[in-house]
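Step one of this worksheet: look at the structure below.
The values are calculated or read from the model by the stated rules, or taken from the named source; none is laboratory data. What you see is a predicted model, and the numbers here were worked out from it, not measured in a lab. Every residue, glycine among them, receives a Cβ derived from its backbone with ideal geometry; neighbour counts consider all protein chains shown.
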Protein chains: 2
Amino acid sequence: MTKQRKRNDSLVYASRRRVALREAWGKTDGVAMLVTHGPDVGYLCGFGGEDSLLLLAQGWSCLLTDGRFSSQAAGQCPGVEIHVRSGSIFTAVADVLKGRRIRRIGVQEAHVTLLQRRLLGGAIGARRIRPIDEVIGRLRQVKDAAEIRLIRKAVRAAEDAFRWLISRGAAYVVGRSEREIAAVLDYRMRLAGASGPSFETIVASGANAALPHYRPGGRKIRRDEPVLIDWGAMVDGYASDLTRVIFPGRIPPSIAEVYEVVRRAQAAGIAAIRPAVSCKSVDSAARKLIDKAGYGGGFVHGLGHGIGREVHEAPSLSANARNRLRAGMVVTVEPGIYLPGVGGVRIEDDVLVVPGGRRKLSSLPTTIESMIL
Amino acid sequence: MTKQRKRNDSLVYASRRRVALREAWGKTDGVAMLVTHGPDVGYLCGFGGEDSLLLLAQGWSCLLTDGRFSSQAAGQCPGVEIHVRSGSIFTAVADVLKGRRIRRIGVQEAHVTLLQRRLLGGAIGARRIRPIDEVIGRLRQVKDAAEIRLIRKAVRAAEDAFRWLISRGAAYVVGRSEREIAAVLDYRMRLAGASGPSFETIVASGANAALPHYRPGGRKIRRDEPVLIDWGAMVDGYASDLTRVIFPGRIPPSIAEVYEVVRRAQAAGIAAIRPAVSCKSVDSAARKLIDKAGYGGGFVHGLGHGIGREVHEAPSLSANARNRLRAGMVVTVEPGIYLPGVGGVRIEDDVLVVPGGRRKLSSLPTTIESMIL
């Protein structure tokens, strides 16, 4: 993406998000919001640096940053006042609030530490504090066009890396350690435009695939055993998240049946996605198939979760989820079956909710034949 | 490192750290400490997983984790009670405190959010809260033998990757983007045993090197221009942090003089390191030389910082630092001179404070000749 495009997106979309946030919070007069969580700062003003806060009030937005990021902030955050602090960030908050009639301040309860609260105390004086976590969280669930464009890029970078890997064939994978395959995927995502992986890449071979949160180790991959790979890219602040099981050699018979159940469950889950349905019902559409096939006990996690500026965000697709889907949400759909001591299968794609239905953002095939190296 | 070695280190060193922490805090009877910051949890019990808390009281240590990490915890944390929670982590805190005569609880002010504090409220009831940040921070500054061994491994992984890169010669570097060189270094560190980079690798070519906190971009590296590389590895939870400037081709005359000033300043800074000297005086030993050479205005940051479980930790070597060095501290020494619009030079090594002096943990040469590709 060109610099000009980024600047325009920041001007158009980020300012639209700030307006929507103020509207959603309702309280405007005499009220300011202090945004401390990095991904939210980026969401609301386009800034990609660190150690910076965003203050929002009626008709006024101010990014508090330091000398390291001043030129970056000026380029990335058109329409936002940039305050370059020299002292502590909390002194800076006091400085920019001075003379403004602000009586109440919204803060991110989940992203302010007790220490920050104490230091902030002096800066905000007698002003009252209210949590704003929910209102920002609700807003961020529904992605706008600029965000969807970036998630697509993150999906593409992840898929490019995977395609490179499987194009090497079984000879490349066999004999290499899980850790090395993870490192190669991360490297290839970087070459494809990612700033890095969106989480620690999982490469689990043989029985290790039975552990849903396995971390790749020194174990060398052997011929004829499946390898579960769960990986994603971060591109311009947005995440993708995918899973495939690859087969360097023959498919173990115990896995073939499980694979087919998971593949069908995933298709059913995806087909259930459309605006206004409950997140719970999407989970259940996939879970039912796994239960029916007799593997219910092996599907030990939720069906999926939102992705965006963070790789795990709302909404969650699970048995006890309470939300409903809305157009613009982007979720993973990732049923899995784990057979302790034997192995496991999980298939994961990223799906955008659109009016009347859904659109898969990822395009890797899911059939078992296409995963044989 | 073998699993057995890790287990023994965890048993011997981690339990020693817990004893030292209880001793340093002084208050023991009726008091518990709730450790919520991941690196501190790892430090105090050897655990390498996530989303887990450590509770320490008189003669009792308990790791609160969940099903994903229960077998990992059992392996990594001998001598520590493992509580595998099913509900929320704060309900678990209430559960394990039940029936124990704990009147006060130490918490990490810088690592507990307002939301966690609110949820914790129910779990700890009327018990009073005290900050324990400082006492843990002081302890962590001085590294024990197990920690130094891991920092050495992190240094080695970073150096291996760098040596691989420069052994490719100028032909490899020229024409590749900064971002690609950063990705290659990260990949090579992984192959050398790192879990990842210890921070976002900086590759700054030409005039970009004048920005101390530059992020690598799409700019392609040209022949005859210097490239500043600041990188480090994370190995088994410990960080290294190094900087070199490499020259694919000829050395620009404007840079040669600056390079020599920085090299001498670094040597002077390192030579000033020994137990009991003030951190300030170490900074000043290097700064004086840069000032004298007329480049004082170009050295815009402190001389160095501690490394360990985090890539930036106490003590800081800077003009307004107040600590004194102690044997067992590990610090970076990284003077730099930045010439806006022209370029910059920084040379950084990792140094262990030992009785009577210092020992460099990193071994890459610093002379300008050795950095010509």
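Couple of notes before you dig in:
- Elements of type strands (runs of 3 or more DSSP E) in segment A:275-373, at least 2 residues being surrounded by fewer than 21 Cβ atoms within 10 Å (Cβ to Cβ): A:313-317, A:349-354, A:357-360
Residues are listed down the side, and each one gets a yes or a no for (1) farther than 20 Å from B:T65 by Cα; (2) at pLDDT 90 or above; (3) touching a strand residue (DSSP E or B) at 6+ places or on another chain (Cβ under 8 Å):
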{"position": "B:V96", "(1), (2), (3)": "no, yes, yes"}
{"position": "B:R100", "(1), (2), (3)": "no, no, yes"}
{"position": "B:R104", "(1), (2), (3)": "yes, yes, yes"}
{"position": "B:T113", "(1), (2), (3)": "no, yes, yes"}
{"position": "B:Q116", "(1), (2), (3)": "no, yes, no"}
{"position": "B:G121", "(1), (2), (3)": "no, no, no"}
{"position": "B:R127", "(1), (2), (3)": "yes, no, yes"}
{"position": "B:R130", "(1), (2), (3)": "yes, yes, yes"}
{"position": "B:E134", "(1), (2), (3)": "yes, yes, no"}
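- Restricting B:D236, B:D241, B:D230, B:D224 to residues that are buried (at least 17 other Cβ atoms within 10 Å of the Cβ), assigned by TED's automatic domain parsing to the domain that holds B:V351 and at positive phi narrows the list to B:D236.
- Qualifying residues in segment A:163-195 (those that are aromatic (F, W, Y) and in contact with a helix residue (DSSP H, G or I) (Cβ under 7 Å, 6 or more places away or on another chain)) - the one surrounded by the most Cβ atoms within 10 Å (Cβ to Cβ): A:Y187
Here's the yes/no breakdown for (1) hydrophobic (A, V, I, L, M, F, W, C); (2) under 17 Å from B:A192 (Cβ atoms); (3) touching a residue at least 60 places away in the same chain (Cβ under 8 Å):
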| position | (1), (2), (3) |
| --- | --- |
| A:R163 | no, no, yes |
| A:I166 | yes, no, yes |
| A:G169 | no, no, yes |
| A:A182 | yes, yes, no |
| A:L185 | yes, no, no |
| A:G196 | no, no, no |
| A:G206 | no, no, yes |
| A:R215 | no, no, no |
| A:R219 | no, no, no |
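- Of all residues in segment B:53-81, those satisfying the criterion of being among the polar types (S, T, N, Q) and either farther than 20 Å from B:A20 by Cα or part of a helix (DSSP H, G or I) (or both) are B:T65, B:S70, B:S71, B:Q72, B:Q76.
- Test: residue in segment B:178-199 that is assigned to a helix (DSSP H, G or I) and away from every other protein chain (no Cβ under 13 Å): no
- Qualifying residue in segment A:253-268 (condition: within 30 Å of B:L191 (Cβ to Cβ) and touching a residue at least 60 places away in the same chain (Cβ under 8 Å)): yes
- The one condition in (1) touching a residue at least 12 places away in the same chain (Cβ under 8 Å); (2) within 12 Å of chain A (Cβ to nearest Cβ); (3) part of a helix (DSSP H, G or I) that B:E134 fails to fulfil: (1)
- Residue that is farthest from the other protein chains (Cβ to nearest Cβ), among those in segment A:82-128 that are part of a loop (DSSP other than H, G, I, E, B) and within 14 Å of A:C62 (Cβ to Cβ): A:G99
- Filter result for B:K153 (more than 14 Å from chain A (Cβ to nearest Cβ) and modelled with pLDDT of 95 or more): yes
- Consider segment B:40-96 and keep the residues that are surrounded by fewer than 18 Cβ atoms within 10 Å (Cβ to Cβ) and either outside the structural domain of B:V135 (by TED's automatic domain parsing) or of a type in the set (A, V, I, L, M) (or both). The one that is farthest from B:Y13 (Cα to Cα) is B:A94.
- With respect to the conditions (1) closer than 21 Å to A:R156 by Cα; (2) touching a strand residue (DSSP E or B) at 6+ places or on another chain (Cβ under 7 Å), A:G206 lacks only one, and its number is (1).
- Looking across segment A:161-177 at every residue that is of a type in the set (G, A, S) and outside any helix (DSSP H, G or I), the one that is farthest from the other protein chains (Cβ to nearest Cβ) is identified as A:G169.
- Enumeration of residues in segment B:23-39 that are part of a helix (DSSP H, G or I) and either under 20 Å from B:R103 (Cβ atoms) or not assigned by TED's automatic domain parsing to the domain that holds B:V107 (or both): B:E23, B:A24, B:W25
- Qualifying residue in segment A:151-160 (condition: out of contact with any helix residue (DSSP H, G or I) (no Cβ under 7 Å at 6 or more places or on another chain), among the acidic types (D, E) and not assigned by TED's automatic domain parsing to the domain that holds A:R250): no
- Answer residue from segment B:246-260, given it is crowded, with 20+ Cβ neighbours inside 10 Å and touching a helix residue (DSSP H, G or I) at 6+ places or on another chain (Cβ under 6 Å) and is farthest from B:P212 (Cα to Cα) among those: B:P248
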